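This report refers to the structure that appears directly beneath it.
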Amino acid sequence: MDSRTEDATRLFDAFRALREDLSTQIVGQAALVERLLIALLADGHLLVEGAPGLAKTTAIRALAARLEADFARVQFTPDLLPADLTGTEVWRPQDGRFEFQPGPIFHPVLLADEINRAPAKVQSALLEAMGERQVTVGRQTYPLPPLFLVMATQNPIEQEGTFPLPEAQLDRFLMYVRIGYPEAAAETEILRLARDRARAAMHPEPDKHERLPLADVFAARAQVLDLHVAPQLERYLVELVLASRDASRYDQALARRIAWGASPRGSIALERCARARAWLSGRDYVTPDDIRAVAPDVLRHRVLPSYEATAEGWDGERLVGALLDKVPVP
Ligand SMILES: Nc1ncnc2c1ncn2[C@@H]1O[C@H](COP(=O)(O)OP(=O)(O)OP(=O)(O)O)[C@@H](O)[C@H]1O
Ligand SMILES: [Mg+2]
């Protein structure tokens with residue numbers, strides 16, 4: 001075995017251990033755990049929608065605790081200001097100058113909780129930083145850390161007094177993940193876990209778990225980019241995205257239901273997520289299944305129904321499902 005494959009095996013094992021460890025802490029939400037790891041490997045951000053108490057906070061905290069990376073959580077509220085996120089210039093009388101105090105956005109792993117509870121100004125400060133990987137305060141521009149993973153959450157209930165994210169800016173999220181309630185067996189396991197946690201909290205011990213060095217995350221990302229994608233799969237992926245813009249080749253009614261399709265950012269996201277999924281499965285090539293498995297989360301927020309289709313109950317999710325049914329799988 002040459003040193004390159006040896007390193008590949010070591011990294012794969014490290015990520016498998018990470019996934020197993022997260023799955024013991026976040027029970028019955030395998031999709032959420034996988035999406036977090038895909039986002040980490042594909043260098044993207046997640047928007048997670050789910051009812052309260054479904055382990056959203058627990059999941060991102062657990063991931064940060066297993067990485068050599070600091071974590072911050074920001075609760076989005078109507079009175080939050082962009083500076084609360086980005087940081088501010090503070091006057092230092094002793095030095096006679098302003099000094100920049102970085103805000104929580106400079107943490108490598110960031111939870112933006114209930115992102116739709118803060119007004120557009122704050123949302124765009126975050127979305128801009130996510131796109132540009134830098135923050136401008138005053139006349140200065142500050143780069144964000146090399147690892148920058150945002151998980152934003154949205155609660156599907158209680159839409160009153162919220163500020164829905166602008167649909168055009170949703171594109172900045174690599175994936176839009178919807179999570180549901182766990183099954184009975186998982187719920188029982190969650191009870192046991194909660195008891196263990198409550199007991200452990202009474203006798204706090206230092207965390208003995210190893211943290212994954214960021215160099216390993218970057219090395220794994222490089223391997224994800226080196227995976228093989230067969231030309232016919234690349235064509236399939238592109239065809240899916242093109243069909244989201246104009247589906248008339250496949251289905252006239254479906255074409256009329258779509259107002260906006262996915263952008264090139266959408267194709268890039270689809271490719272990267274499919275690669276990351278293949279890598280996480282220990283393969284060095286992408287299968288049609290990798291593309292199809294990530295497509296709903298990658299595309300549901302990038303394919304917008306027409307006005308009439310919305311009235312008939314179509315949303316991005318259903319449109320992506322229809323596209324996956326229509327475009328022939330290689
Ligand atoms: N699938 C699960 N596995 C393990 N623990 C869980 C699971 N679902 C919920 N819990 C437990 O339920 C509690 C609530 O979880 P958490 O705070 O992460 O939810 P949340 O989705 O962030 O909720 P909110 O939307 O209100 O912020 C925690 O104690 C968490 O450990
Ligand atoms: Mg929470």
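Looking only at region 175-198, decide whether some residue is assigned to a helix (DSSP H, G or I), among the basic types (Lys, Arg) and in contact with a Pro (Cβ under 8 Å, 6 or more places away or on another chain). Scanning region 175-198 turns up no residue that is assigned to a helix (DSSP H, G or I), among the basic types (Lys, Arg) and in contact with a Pro (Cβ under 8 Å, 6 or more places away or on another chain). Residues that are basic (Lys, Arg) and modelled with pLDDT of 90 or more were ranked within region 101-149; the one that is farthest from ligand 2 (Cβ to nearest atom) is 133. Taken together, the residues in region 244-281 that are among the polar types (S, T, N, Q) and in a loop (DSSP other than H, G, I, E, B) amount to 3.
A Cβ distance below 7 Å, combined with a sequence gap of six or more or placement on separate chains, defines the contacts here; from region 129-155, residues that are among the acidic types (Asp, Glu) reach no residue that is within 16 Å of ligand 1 (Cβ to nearest atom) and modelled with pLDDT under 95.
On the basis of being loosely packed, with under 14 Cβ neighbours inside 10 Å, free of Cβ contacts under 8 Å to residues at least 60 places away in the same chain and either outside any strand (DSSP E or B) or within 12 Å of ligand 2 (Cβ to nearest atom) (or both), does residue 84 make the cut?
Values: loosely packed, with under 14 Cβ neighbours inside 10 Å: no; free of Cβ contacts under 8 Å to residues at least 60 places away in the same chain: yes; either outside any strand (DSSP E or B) or within 12 Å of ligand 2 (Cβ to nearest atom) (or both): yes.
Spelling it out, it is not the case that residue 84 is loosely packed, with under 14 Cβ neighbours inside 10 Å, free of Cβ contacts under 8 Å to residues at least 60 places away in the same chain and either outside any strand (DSSP E or B) or within 12 Å of ligand 2 (Cβ to nearest atom) (or both).
Name the residue that is surrounded by the most Cβ atoms within 10 Å (Cβ to Cβ), counting only residues in region 29-76 that are within 14 Å of ligand 2 (Cβ to nearest atom) and in a loop (DSSP other than H, G, I, E, B). Taking the candidates together, the pick is 29. Scanning region 98-123 for residues that are crowded, with 17+ Cβ neighbours inside 10 Å, assigned to a helix (DSSP H, G or I) and away from ligand 1 (no atom under 16 Å from the Cβ) turns up 104, 105, 106, 122, 123. Within region 56-110, the set of residues being β-branched (Val, Ile, Thr) and over 19 Å from residue 153 (Cα atoms) comprises 88, 90. The single condition from (1) more than 14 Å from ligand 1 (Cβ to nearest atom); (2) surrounded by fewer than 18 Cβ atoms within 10 Å (Cβ to Cβ); (3) at pLDDT 85 or above; (4) closer than 24 Å to residue 268 by Cα that residue 178 fails is (1).
The values are calculated or read from the model by the stated rules, or taken from the named source; none is laboratory data. Keep in mind it's a predicted model, so treat the numbers as computed, not measured. Cβ: placed from backbone, ideal geometry, glycine included. Neighbour counts: every protein chain shown.
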